[in-house]
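Beneath this line is the structure, given in structure tokens, with notes to follow.
The values are calculated or read from the model by the stated rules, or taken from the named source; none is laboratory data. Just so it is clear, the model here is predicted, and its values are computed rather than measured. Here Cβ is always computed from backbone atoms with ideal geometry, including for glycine, and neighbour counts include all displayed protein chains. Just the protein is used for accessible areas: all its heavy atoms, side chains included, with ligands, DNA and RNA removed. Shrake-Rupley method; radii C 1.70, N 1.55, O 1.52, S 1.80 Å.
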Amino acid sequence: MTRFNTGHIGLNVTDIQQSKAFYQDVFGFDVIGESTDTEKKFVFLAEDGQLVLTLWQQSNGRFPTDNPGLHHLAFAVEDVAQIEAVERKLQAIGAKIYHNGIVTHREGAASGGLFFEDPDGIRLEVSTAKGVEGHPAPSGDAPTCGFF
């Protein structure tokens with residue numbers, strides 16, 4: 001049976017420089033390629049030399065969450081300390097954070113994370129599989145990553 005792994009994610013953005021700075025600052029991604037064409041702007045972002053995210057400046061407005069398409073983009077990390085580091089970066093730049101900080105994925109779960117938006121309103125998550133016990137479950141038994 002063929003196994004499919006996510007290769008990379010491509011996002012449409014409104015301001016390539018603003019989005020590039022956001023993803024570099026928050027996630028520490030490195031630029032491994034970018035356009036010098038003023039009409040076709042894009043950036044390729046990587047972690048440890050592996051392409052993770054491509055940004056394409058070809059949109060206007062904010063990301064519409066009420067239309068079919070991307071629900072949210074999640075990044076997994078090893079532990080809560082890494083999530084807390086992302087949270088501090090987001091607070092420093094004034095990014096929108098949901099649920100007032102780190103939360104469990106659902107009532108009684110050990111997993112959880114931080115839910116927030118990028119500059120274009122694209123919903124993002126940084127989570128870990130364990131160690132989030134004791135944090136609130138803002139949606140009860142409903143999955144927090146549902147952005148309810």
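Identify, from the list Leu90, Leu70, the residue that is in a helix (DSSP H, G or I) and in contact with a Phe, Trp or Tyr (Cβ under 8 Å, 6 or more places away or on another chain).
Being in a helix (DSSP H, G or I) and in contact with a Phe, Trp or Tyr (Cβ under 8 Å, 6 or more places away or on another chain) holds for just one of Leu90, Leu70, which is Leu90.
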Next on the checklist: Against the condition of a type in the set (Asp, Glu) and out of contact with any Leu (no Cβ under 6 Å at 6 or more places or on another chain), how does Glu87 come out, does it pass?
Outcome noted: no
Checklist entry - Counting just the residues of segment 1-43 that are among the basic types (Lys, Arg) and within 21 Å of Leu70 (Cβ to Cβ), which one comes out surrounded by the fewest Cβ atoms within 10 Å (Cβ to Cβ)? => result Lys41
Next on the checklist: If Glu78 meets every condition in (1) charged (D, E, K, R); (2) free of Cβ contacts under 8 Å to residues at least 24 places away in the same chain; (3) surrounded by fewer than 12 Cβ atoms within 10 Å (Cβ to Cβ) apart from one, which number is that one?
Outcome noted: (2)
Checklist outcome for this item: Residue pairs within 6 Å by beta carbon, gap of at least six or interchain, first lying in segment 3-28 and touching a residue at least 24 places away in the same chain (Cβ under 8 Å), second aromatic (Phe, Trp, Tyr), listed first then second, are Asn12/Trp56; Tyr23/Phe29
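Tell me yes or no: at least one residue of segment 30-49 is part of a helix (DSSP H, G or I) and free of Cβ contacts under 8 Å to residues at least 24 places away in the same chain.
The first filter runs over segment 30-49 and keeps only residues part of a helix (DSSP H, G or I), leaving none.
So far as segment 30-49 goes, no, none of its residues is part of a helix (DSSP H, G or I) and free of Cβ contacts under 8 Å to residues at least 24 places away in the same chain.
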Checklist entry - Glu87 versus (1) surrounded by fewer than 18 Cβ atoms within 10 Å (Cβ to Cβ); (2) within 21 Å of Ser139 (Cβ to Cβ); (3) acidic (Asp, Glu): which is the lone unmet condition? => result (1)
Checklist entry - From the residues in segment 114-124 that are part of a strand (DSSP E or B) and either open to solvent by 10 Å² or more (accessible area, probe 1.4 Å) or modelled with pLDDT under 95 (or both), which one is nearest to Glu84 (Cα to Cα)? => result Glu117
